[in-house]
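Single-structure report; data block below.
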Amino acid sequence: MARSIDAPALIIWGKQDQIINVEAAQELKGLLKNAEQPVILDGVGHMPILEAEQLTVRPYLNFLKKIHK
């Protein structure tokens with residue numbers, strides 16, 4: 001199913017995610033047609049938006065600016 005997604009995608013992953021290993025971020029990128037290089041946040045676990053909202057918001061805002069030109 002992921003291979004059929006053609007929309008731009010941003011992957012943000014916590015380096016210390018203990019639920020889904022950080023290597024899965026690269027695997028997901030390979031499945032999505034238009035995924036950016038994953039943003040790996042050091043010192044962050046499974047829920048980046050709750051654990052490090054400022055580190056998470058910046059890449060999102062940059063991504064949205066880029067795709068809405």
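The values are calculated or read from the model by the stated rules, or taken from the named source; none is laboratory data. A quick note: this is a predicted structure, and the numbers were derived from the prediction, not measured. We place every Cβ from the backbone using ideal geometry, glycine too, and count neighbours over all the protein chains shown. Please note that ligands, DNA and RNA were not included when accessible areas were found on the heavy atoms of the full protein model with its side chains. Shrake-Rupley method; radii C 1.70, N 1.55, O 1.52, S 1.80 Å.
With unit charges on the beta carbons (Lys and Arg positive, Asp and Glu negative) and the dipole taken about the Cα centre of the chain, which residue among I19, H68, I5 sits farthest to the positive side?
H68
Considering the chain as a Gaussian network with a 10 Å cut-off on Cα pairs, which listed residue, G45, G14, G30, attains the greatest mean-square fluctuation?
G30
Picking from L50, L32, L41, which is most flexible by a Gaussian network model of the chain using Cα springs under 10 Å?
Among L50, L32, L41, the largest mean-square fluctuation in the Gaussian network model of the chain belongs to L50.
In units of 2.2 N^0.38 Å, what is the alpha-carbon radius of gyration of the chain? It would help to have the intermediate numbers written out before the result.
On the way: Rg = 12.2 Å, N = 69, 2.2 N^0.38 = 11.0 Å.
In units of the 2.2 N^0.38 Å rule of thumb, it is 1.11.
Carbon and sulfur atoms: what percent of the 1.4 Å accessible area of the chain do they account for?
57
Suppose all protein chains stay in the model; what accessible area per residue would a 1.4 Å probe give for the chain, in Å²? Intermediate values should be presented prior to the final figure.
Values: 5000 Å² over 69 residues.
It amounts to 72 Å² per residue over the chain.
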